[in-house]
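Below: one structure, written as structure tokens.
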Amino acid sequence: MLDRTPGFGVYIHWPFCAAKCPYCDFNSHVRHQPVDQERFARAFATELKTMRARTGARDVTSIFLGGGTPSLMKPETVGAVLDAVAANWTVPAGIEVTLEANPSSVEAERFRGYRAAGVNRVSLGVQALNDRDLRFLGRLHNVEEALKAIRLARETFPRLSFDLIYARPGQTLEAWQAELEEAIGHAADHLSLYQLTIEEGTPFHALHKARKFAIPDPDLAADLYQLTQEVTAAKGLPAYEISNHARPGAESRHNLTYWRYGEYVGAGPGAHGRFVEDGRRVVTFTEKMPETWLSLVEAKGDGVVGGEVLTRAEEADEFLLMGLRLAEGIDLARYEDYAGRGLPPARLSILQEEGLVAPLGNSRLRATPAGMIVLDAVVADLAR
């Protein structure tokens, strides 16, 4: 039977990178002096202990070390952080423990160290399988290094995923199909495939605004998305979420926790959390600047600088927004529990007639492939 329980995840944010990619708007920072990893590991342990006091006893269903570039961490640092998670909550044997890695920072000895520390799934930031586009994307690795990292990961870890960015400048349907089919040939069980988006505040935003490069127009972007769905499905890695594809049973447990509107603790600079405290779902977010976060944790036990308590209506909207990203859709009864009402029948009927949503049996609703392309509009229409 398919397990759709939302779960309880722990997210650890390692904020450091060797270089800042021009498209990236994540909380990542370049430091030209060595980072005091032992001090950061102690701060992670302190913040996790504080979070444990807020969540109470829980069984962890997944751990995710993201960034930044967590593969810049020493295996000993990873081990210390995982030990801190286990010191505060119950961590059953064999749960998914993912670490993000860049091919340029991959070493065989380090990978073996991560595996010994408890990591059993790695997510590689490959992003492209041609050197020209890797240079354009500001990546520090080339295709040869990427393929070497993929081989090494497959030898070391039970599970592997890697990311690609498509809808790149000048990319044709034919070129993307060839690259995607090559990627599937290297993939173990999971691919994350993202359209290039221009995020405000990034170098790409300024360059794009100055017309230094152009990305595919909306029609071509939609065709690239459709091609992605067709190729991955035909090759046995269908989409289980808008941008994520897996062989059945190999879906990312941690990301499913987000999309199924489960609970998770976030620790580290710029990390977010969402968990139930005293019967209400709270949102936490921490200081983004690593050194400031470190000082806050050492002074008061955590780096939390803001958050809120969500209303039931806000929970319903978030549940809808996250759950309709999934091919499995949402549980309508759970939506009603949050919202205190069902989805608006008139709007639901119109969206079904337009082929944007469809029922799954009598208890679930999903977005259709056409609805996925305009999902924000679909959610906005249903949530009004």
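Applying the selection to the range 284-324, what residues are part of a loop (DSSP other than H, G, I, E, B) and either of a type in the set (Phe, Trp, Tyr) or within 30 Å of Ala41 (Cα to Cα) (or both)? Break it down stepwise before answering.
We begin by selecting, within the range 284-324, every residue part of a loop (DSSP other than H, G, I, E, B); these are 287-289, 301-303, 310-311, 324.
Result: Glu287, Lys288, Met289, Gly301, Asp302, Gly303.
Please give the strands (runs of 3 or more DSSP E) falling wholly within the range 31-139 in which 1 or more residues are over 23 Å from Ser192 (Cα atoms), open to solvent by 10 Å² or more (accessible area, probe 1.4 Å) and touching a residue at least 24 places away in the same chain (Cβ under 8 Å).
Numbers: elements: 62-67, 96-101, 121-127.
Passing ranges: none, list empty.
Of the numbered conditions (1) touching a strand residue (DSSP E or B) at 6+ places or on another chain (Cβ under 6 Å); (2) more than 21 Å from Ile184 (Cα to Cα), Val126 fails exactly one; give the number of that condition.
It fails just one condition, (2).
Assuming Gly361 fulfils every condition listed in (1) more than 22 Å from the chain's Cα centre (by Cα); (2) at negative phi; (3) without any contact (Cβ under 8 Å) to a residue 40 or more places away in the chain apart from one, which condition is it?
Tallying (1) more than 22 Å from the chain's Cα centre (by Cα); (2) at negative phi; (3) without any contact (Cβ under 8 Å) to a residue 40 or more places away in the chain, Gly361 fails exactly one: (2).
Residues of the range 20-30 being open to solvent by less than 30 Å² (accessible area, probe 1.4 Å) and within 10 Å of Leu137 (Cα to Cα), which ones?
Cys21, Pro22, Cys24
Report the residue count in the range 141-150 for those that are over 21 Å from the mean Cα position of the chain (by Cα) and either surrounded by fewer than 17 Cβ atoms within 10 Å (Cβ to Cβ) or assigned to a helix (DSSP H, G or I) (or both). Please lay out each step first, then the result.
We begin by selecting, within the range 141-150, every residue over 21 Å from the mean Cα position of the chain (by Cα); these are 141-145, 147-148.
After this cut, where a residue has to be either surrounded by fewer than 17 Cβ atoms within 10 Å (Cβ to Cβ) or assigned to a helix (DSSP H, G or I) (or both) as well, the list is 142-145, 147-148.
Qualifying residue count for the region: 6.
Any residue that is over 30 Å from Glu107 (Cα atoms) and modelled with pLDDT of 95 or more - is there at least one of those in the range 184-195? If you could, list the steps in order and put the result at the bottom.
Initial filter on the range 184-195 (over 30 Å from Glu107 (Cα atoms)): none.
No; the residues of the range 184-195 include none that is over 30 Å from Glu107 (Cα atoms) and modelled with pLDDT of 95 or more.
When you scan the range 170-183, do you find a residue that is in a helix (DSSP H, G or I), farther than 23 Å from Thr98 by Cα and touching an Asp or Glu at 6+ places or on another chain (Cβ under 7 Å), even just one?
Scanning the range 170-183 turns up at least one residue that is in a helix (DSSP H, G or I), farther than 23 Å from Thr98 by Cα and touching an Asp or Glu at 6+ places or on another chain (Cβ under 7 Å).
Which residues, taken from the range 325-337, are assigned to a loop (DSSP other than H, G, I, E, B) and touching a Phe, Trp or Tyr at 6+ places or on another chain (Cβ under 9 Å)?
Going through the range 325-337, the residues assigned to a loop (DSSP other than H, G, I, E, B) turn out to be 325, 327-329.
Once the filter is applied, which keeps residues that are assigned to a loop (DSSP other than H, G, I, E, B) and touching a Phe, Trp or Tyr at 6+ places or on another chain (Cβ under 9 Å), the range 325-337 yields Arg325, Ala327, Glu328.
The values are calculated or read from the model by the stated rules, or taken from the named source; none is laboratory data. No experiment lies behind these values; they were computed from the predicted model shown. In this analysis, Cβ positions are derived from the backbone assuming ideal geometry, glycine residues included, and neighbour counts consider all displayed protein chains. Please note that ligands, DNA and RNA were not included when accessible areas were found on the heavy atoms of the full protein model with its side chains. Shrake-Rupley method; radii C 1.70, N 1.55, O 1.52, S 1.80 Å.
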